[in-house]
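Quick notes on the structure that follows.
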Amino acid sequence: MSTMEWESRGNGRMDIERLDDGADFAALLRWCRRRAGLGQATLAELSGLGVRTIRDLELGRTSHPHRESVRLLADALGLEGDAGERFRRAAGHAPRAEPLHLPARPGQLPPDLADFTGRAEQLAALRGLLTAGARPAPAVVVLGGQPGAGKTALAVRAGHELESQFPHGCLHADLRGTGPAPLTPGAVLASFLRALGVDGADVPADVDGRVALYRSCTAGRRVLVLLDDAAAEAQVRPLLPSGAGCAALVTSRTRLAGLEAAVSLPVGVLEPSEAVRLLGRVAGAARVAAEPAAATAIVERCAFLPLAVRIAGARLAGRPHWKLSRLTAVLDDDRRRLDELRAGDLNVRASIAVSYRLLGTDARTALRRIGLLDAPDFGVWAGAALVDAGVERAEHLCERLVEAHLLELAGEDAAGHARYRMPDLVRAFARERLLREESPDSRAEALRRVVDRGLQLADRVARLGGGPSPR
Ligand SMILES: Nc1ncnc2c1ncn2[C@@H]1O[C@H](COP(=O)(O)OP(=O)(O)OP(=O)(O)O)[C@@H](O)[C@H]1O
Ligand SMILES: [Mg+2]
């Protein structure tokens, strides 16, 4: 029986003799102490060791416990005979009687992308955040970004790069946060527990029990947990591992601002040169090298979005006789661009539509109408005019769209109001929905309100004696 299974039955009736040789000393010590009804301070007093030493041993921070410390602990815990020997063996101080049965070491990372491109800066940041030396709590990093920005690809690449730093394994779950039925924490926990070596029959029936067991299975261990496509904070919290040496890497289309002590790492679009490199890897490096200007034009029309670049590359790969310039011409037409950015099950329009469907009615209206604006960025007053509401309401809706990564903050105007920018392909999507969902009159009125509001503001600025004119 592994330490985890054994610990999971933590009702005091289990006997240490039933534990197999792969026992994890940290978990074993914790369990024996609790079974004896002792706090860490009391055990420290009884054994003559420091509380800190005991805490470090229980957290697995001490990889080779000192022989004398182990003897003192066994004495203080009243572990004699076979029990004492098993305790010492778990600490690595007695010859193993039987072959070693290591607790399950899950390796659930999805396969890495062979043509993964760029992201050197983000990977370096992740290395620092997830593997930094001793820390008091597990590291939690949230990768956020617009649909198709490459959050999952980056998380998987980082997982493979850092896997060796997590000797107790990697867990992975696609939480399906943007789908119609996001996974419940209870379901994910059941599969995590089994992957960690807990027998199916020992998985507690209730969520609280699963959370508690998951925490004791990850305490004192170094496990990396990849939580992909999270819907919200509440879905993620129960899945965070408890050991300070563990780390969680979460991807989400929303910002998960409420996740305590998590570090947010934005995943933007690719650098232009990286986007061209990715196009070459998918479509053929020689073709891209033969038409560099057309390649640059294609990735520009893809707004440097990895999903769009991969689709453009896949389309070229399927048409080896095409010149690259032919695809450039096709993508030039704004109204056809989203029709063209599809290949197999990869589809830019469908990907943005998933986020659009998750918005409330008013935020959807705001998104559609913001698509009417031609300026590279806009002030919140323009948003207010578009949705025919006050500035506060417009700010709230724009924030909601920023939260969903369908708008980006572009700075502040002179009055301290936020300015926003809509990513190009999101704008193409917004315009399509506008044409489909709103009447020509409603579109014209929205634009007229923007012009009127702009003129009013310009007038006010002029009367105040200059200053920047509104855009
Ligand atoms: N750095 C990269 N190198 C190569 N391909 C990439 C890279 N980033 C993303 N891709 C490709 O772009 C597409 C979208 O990537 P990914 O699924 O990681 O995006 P995402 O941000 O997780 O999207 P979603 O919001 O839908 O979850 C995939 O086909 C992926 O293979
Ligand atoms: Mg993803």
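Just a few scattered comments:
- Cα-based shape type of segment 272-350, given that a ≥ b ≥ c are square roots of the gyration tensor eigenvalues and the cut on a/c is 1.5: rounded
- Rolling a 1.4 Å probe over the protein heavy atoms gives segment 120-266 an accessible area of 36 Å² per residue.
- The residues of segment 272-350 present an accessible area of 46 Å² per residue when probed at 1.4 Å with all protein chains retained.
- Cut-off under 5 Å, modelled amide H: who pairs with Ala248 long-range: Ala139, Val140, Val141, Val225
- Area of Asp206 that stays accessible when all protein chains are in place (1.4 Å probe, Å², to 10): 80 Å²
- Apportionment of accessible area to carbon and sulfur, the chain, percent (1.4 Å): 52 percent
- Unit charges at the beta carbon, dipole of the chain: most positive-side option, Leu123, Ser264, Val380: Val380
- Between Ala462 and Arg335, the FRET efficiency estimated from the beta carbon spacing at R0 = 41 angstrom works out to 0.60.
- Stokes-Einstein D in µm²/s, Kirkwood radius over Cα pairs - the chain at 10 °C with 1.306 mPa s viscosity: 62 µm²/s
- The stretch between Ser439 and Glu392 holds 14.3 nm of extra length on full extension. This uses 0.36 nm per residue minus the Cα-Cα distance.
- Here the simple spin-label model places points 7 Å from the Cα toward Cβ, and for Ala205 and Ala187 these points are separated by 2.0 nm.
- The listed residues Glu403, Glu300, once ranked by accessible area (1.4 Å probe) with the largest placed first, stand as Glu300, Glu403.
- Dividing the helix sum by the residues of the chain, where each DSSP H run of 4 or more adds -39500 (n - 2.57), gives a mean residue ellipticity at 222 nm of -15000 deg cm²/dmol.
- For segment 120-266: rounded, prolate or oblate by the Cα gyration tensor [a/c cutoff 1.5]: oblate
- Taken about its Cα centre, the chain carries a charge dipole of about 700 debye when Lys and Arg each add +1 at the Cβ and Asp and Glu each add -1 at the Cβ.
- Normalised by the number of residues in the chain, the mean separation of alpha-carbon contacts (under 8 Å, six or more apart) gives a relative contact order of 13 percent.
The values are calculated or read from the model by the stated rules, or taken from the named source; none is laboratory data. Every value quoted in this text rests on a predicted model; they were computed, and no experiment measured them. When we count neighbours, we look across all protein chains shown, and the Cβ atoms used for this are built from the backbone with ideal geometry, even at glycine. Ligands, DNA and RNA are excluded from the accessible area calculation, which covers all protein heavy atoms including side chains. Shrake-Rupley method; radii C 1.70, N 1.55, O 1.52, S 1.80 Å.
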